[in-house]
1. What number of residues in segment 77-104 are open to solvent by 10 Å² or more (accessible area, probe 1.4 Å) and closer than 26 Å to Gly257 by Cβ?
2. Of all helices (runs of 4 or more DSSP H) completely enclosed by segment 158-254, which ones contain at least 3 residues that are of a type in the set (Gly, Ala, Ser) and more than 30 Å from the chain's Cα centre (by Cα)?
3. State all residues of segment 378-400 that are open to solvent by 20 Å² or more (accessible area, probe 1.4 Å) and not basic (Lys, Arg); if no residue qualifies, say none.
4. Restricting the search to segment 369-390, which residues are assigned to a helix (DSSP H, G or I) and either closer than 15 Å to Leu338 by Cβ or touching a strand residue (DSSP E or B) at 6+ places or on another chain (Cβ under 7 Å) (or both)?
5. Being out of contact with any His (no Cβ under 8 Å at 6 or more places or on another chain) and aromatic (Phe, Trp, Tyr) is the filter; apply it to segment 130-160 and report the residue that is most open to solvent (accessible area, probe 1.4 Å).
6. Tell me which of these Ala403 doesn't satisfy, since it passes every other one: (1) open to solvent by less than 60 Å² (accessible area, probe 1.4 Å); (2) modelled with pLDDT of 85 or more; (3) under 17 Å from Leu338 (Cβ atoms); (4) in a helix (DSSP H, G or I).
7. For segment 263-273, enumerate the residues that are part of a strand (DSSP E or B) and more than 13 Å from Phe219 (Cβ to Cβ).
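The values are calculated or read from the model by the stated rules, or taken from the named source; none is laboratory data. Note that the structure is a prediction, hence the values are computed from the model and not measured. Every residue, glycine as well, gets a Cβ built from its backbone with ideal geometry; the counts of neighbours run over all protein chains shown. Heads up: the accessible areas ignore ligands, DNA and RNA and are worked out on the full protein's heavy atoms, side chains in. Shrake-Rupley method; radii C 1.70, N 1.55, O 1.52, S 1.80 Å.
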Amino acid sequence: MFENLTDRLSRTLKNISGRGRLTEDNIKDTLREVRMALLEADVALSVVRDFVTKIKERAVGLEVSKSLTPGQEFIKIVQAELESLMGASNTELELTSQPPAVVLMAGLQGAGKTTTVGKLGSMLKSRHKKKVLVVSADVYRPAAIKQLETLSKDVGIDFFSSSATQQPIEIAKAALEHAKLGFYDVLIVDTAGRLHVDEEMMDEIKGIHAILDPVETLFVVDAMTGQDAANTAKAFNEALPLTGVILTKVDGDARGGAALSVRQITGKPIKFLGVGEKTDALEPFHPERIASRILGMGDVLSLIEDLERNVDKDTAEKLAKKFKEKRGFDLQDFSDQLKQMKNMGGMMGMLDKLPGMSGMSDDVKNKVDDKIFVQMEAMISSMTPKERANPDLIKGSRKKRIAAGSGTQVQDLNRLLKQFTQMQKMMKKMQKGGMKNMMRNMKGMMGGMGGGGMFPRG
């Protein structure tokens, strides 16, 4: 998300960062570039106008802090205004009411509403330890009811049965009664979506809202529809008292216009981002972290949270113990690290959150292909435990057997063994010289990508 905007803004702001003083003349070109970057990112025109005006008002004649250059101060203003545009901070779900707290989900068909219900239920159960019940009142698409039932089983939350022969309001009443009797903390209600906003749809969801009196009414919208997402959210907000927005499919949206338009157009906070197809691919929306990512400064806090949530503590401790005792790093350890990386959204998902990665060339980005990690795992899985512990054993006929067993070529295996040897050397240097050596080696490996380093094509 935001790749295009980040690239454009990074180039623009670099031009002003060395300026000695900010004047209306010398920021004019930069503001024009900022304006163009936002319009290309499909941010609504009214939002762009306000944004650029506010930056200009704050920047011209500014008293500059002694610790910053005027250019840095300008970037600081842009960051502050981006945060303000998207909301000052993360707005959490309001679930402090008398249980069950009812969360009503609204949105158009195809926005990913049903999937989001499953993801939200999973998040509330795993991260917030809530007892969750979900129900589908989408009687127009029996497949949606079945989809939610399957999703519920997958993530381990309870599903209240409904059918296409029932009335949506009756389903909502029955689910609420069941949630009360079952002492559920949260009831999440999925509603029908349409291809466009229509009167019949609005009347139906208003009726459900009146029966349930939800603490949260969330509008689920596809980020890839850009400023249309903000306009649709506005139409819903005029009919329903929305409490927040969930943007889905942000991993496929390189522009980011919806995230920058929704808050200002609807006046409602973005509460979550859907960042992939996995059932745990739902992230709380933190405006300050997103602003930092847009400006190419990374999002280290989210990366740390990903690590804490997804890293297998036992595996990490086992490797740390091995490391401390200066025992060798073997292919099983390498495989464990690949699995952990996959759990965190793959290599590109991690790199996106690191500062300065927006400047990485497209050539290098194209080589960071997570399919390679799947291939590597398959090759390591085709080895015997003895071969994983002693890679030197892998010669001739063993190589042919491993390649055949993993559906790869011998040259793919040779490449894996070469990369593993590099990793092993890096671990040894870390054991001798600590973190500085590791960072130096990591830089070397990143720089060596083009010449058959960590992620060669093939």
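1. Initially, segment 77-104 is screened for residues open to solvent by 10 Å² or more (accessible area, probe 1.4 Å), giving 79-81, 83-85, 88-100.
If we keep only those that are closer than 26 Å to Gly257 by Cβ as well, we get 79-81, 83-85, 88-93.
The number of residues fulfilling the criteria is 12.
2. Details: elements: 168-181, 199-212, 227-239.
By residue number, 168-181.
3. Looking only at segment 378-400, we keep the residues that are open to solvent by 20 Å² or more (accessible area, probe 1.4 Å), and these are 378, 381-382, 384-386, 388-393, 395-400.
Selection gives Ala378, Ser381, Ser382, Thr384, Pro385, Ala389, Asn390, Pro391, Asp392, Leu393, Gly396, Ser397.
4. Within segment 369-390, the first condition is being assigned to a helix (DSSP H, G or I), and the residues that meet it are 371-381, 385-389.
Within segment 369-390, Lys371, Ile372, Phe373, Val374, Gln375, Met376, Glu377, Ala378, Met379, Ile380, Ser381, Arg388 meet the criteria.
5. Let us first name the residues in segment 130-160 that are out of contact with any His (no Cβ under 8 Å at 6 or more places or on another chain), namely 130-132, 134-159.
Checking the rest, the ones that are also aromatic (Phe, Trp, Tyr) come to 140, 159.
Numbers: Tyr140: 110, Phe159: 45 Å².
Among those residues, the one meeting the criterion is Tyr140.
6. Every condition holds for Ala403 apart from (3).
7. The first filter runs over segment 263-273 and keeps only residues part of a strand (DSSP E or B), leaving 270-273.
Selection gives Leu273 alone.
So that you can scan it fast, the table gives a plain yes or no per residue for (1) among the aromatic types (Phe, Trp, Tyr); (2) within 27 Å of His128 (Cβ to Cβ):
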residue: Val155; (1), (2): no, yes
residue: Phe160; (1), (2): yes, yes
residue: Ser163; (1), (2): no, no
residue: Glu170; (1), (2): no, no
residue: Leu176; (1), (2): no, yes
residue: Phe183; (1), (2): yes, yes
residue: Val189; (1), (2): no, yes
residue: Gly193; (1), (2): no, yes
